[in-house]
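Written out below as structure tokens is the structure these notes cover.
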Amino acid sequence: MAYGMAAGPWGSAASAALAAGVTAIGGAVALVVQERLARRSAHVRRKRGIEEATAYLAFLGQWLSTYEEVRPRAEISRTREEVAGSLDTVLREVGALLDETRRGARAPIGDRLKRALLLYELRSAGARRLRIAFYLNGGLWLGVAFGDAIDTSMKDRFAQSLGWGVWGVVTTVALGLWAARLDRGRRAEPAG
């Protein structure tokens, strides 16, 4: 059999586990790439919004100074108030975009660890159920891997232990990414 797997029920179980592991890895990679693209798209939108707001502020300032030069004696206090109100609105929008950009910066290690271990409040019921499966799956495969590592009656106990450990990590990471994806989808829905 391929790669030295034993024939019989354990060989076919190992083949099935390998196929499922490759599929889980592919799915996890796809989710990570999708999240990076979404983050990049949000960054580009914020940058474009800041550039548009800056251009609008420059336009308003230039328009007001031109208006004052064209009509030097005209009463423009009301116009100045309107322009100032518009400037304040745009400045608040730019400030909000800048705050969002700063929040998008690298989170501290503690926050990243909480996110990786799903230790934050999940809003989606499906994500909460997946968090339970995440911990059960991780505990189960860690126990299997540890049990195989200490079982002295097995011939290739460390190789099998490593295999189950890798399988456990892959499936647990896939469950965690799935839960985060469900929760992120729930956060994006409008409150109603």
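The values are calculated or read from the model by the stated rules, or taken from the named source; none is laboratory data. Nothing here was measured: the structure is a model prediction, and the numbers come from that model. With ideal geometry, Cβ positions are generated from the backbone for all residues, glycine too; neighbour counts draw on all protein chains shown. These accessible areas exclude ligands, DNA and RNA; they are computed on the full protein's heavy atoms, side chains included. Shrake-Rupley method; radii C 1.70, N 1.55, O 1.52, S 1.80 Å.
Condition check for ILE132 on (1) modelled with pLDDT of 85 or more; (2) in contact with a Gly (Cβ under 8 Å, 6 or more places away or on another chain); (3) open to solvent by 100 Å² or more (accessible area, probe 1.4 Å): one failure, at (2).
If you go through the stretch 71-92 and keep only what is modelled with pLDDT of 75 or more and open to solvent by 100 Å² or more (accessible area, probe 1.4 Å), you end up with GLU81, GLU82, ARG92. Return the residues of the stretch 36-52 that are open to solvent by less than 60 Å² (accessible area, probe 1.4 Å) and touching a residue at least 12 places away in the same chain (Cβ under 8 Å); say none if nothing qualifies. Residues satisfying the conditions are ALA42, ARG46, GLY49, ILE50. Given the criteria in contact with a Lys or Arg (Cβ under 9 Å, 6 or more places away or on another chain) and either open to solvent by less than 100 Å² (accessible area, probe 1.4 Å) or closer than 15 Å to TRP178 by Cα (or both), does ALA159 qualify? Criteria not met by ALA159. Looking at this structure, is GLY139 surrounded by fewer than 19 Cβ atoms within 10 Å (Cβ to Cβ), without any contact (Cβ under 8 Å) to a residue 12 or more places away in the chain, in a helix (DSSP H, G or I) and out of contact with any Pro (no Cβ under 9 Å at 6 or more places or on another chain)? Spelling it out, GLY139 is indeed surrounded by fewer than 19 Cβ atoms within 10 Å (Cβ to Cβ), without any contact (Cβ under 8 Å) to a residue 12 or more places away in the chain, in a helix (DSSP H, G or I) and out of contact with any Pro (no Cβ under 9 Å at 6 or more places or on another chain).
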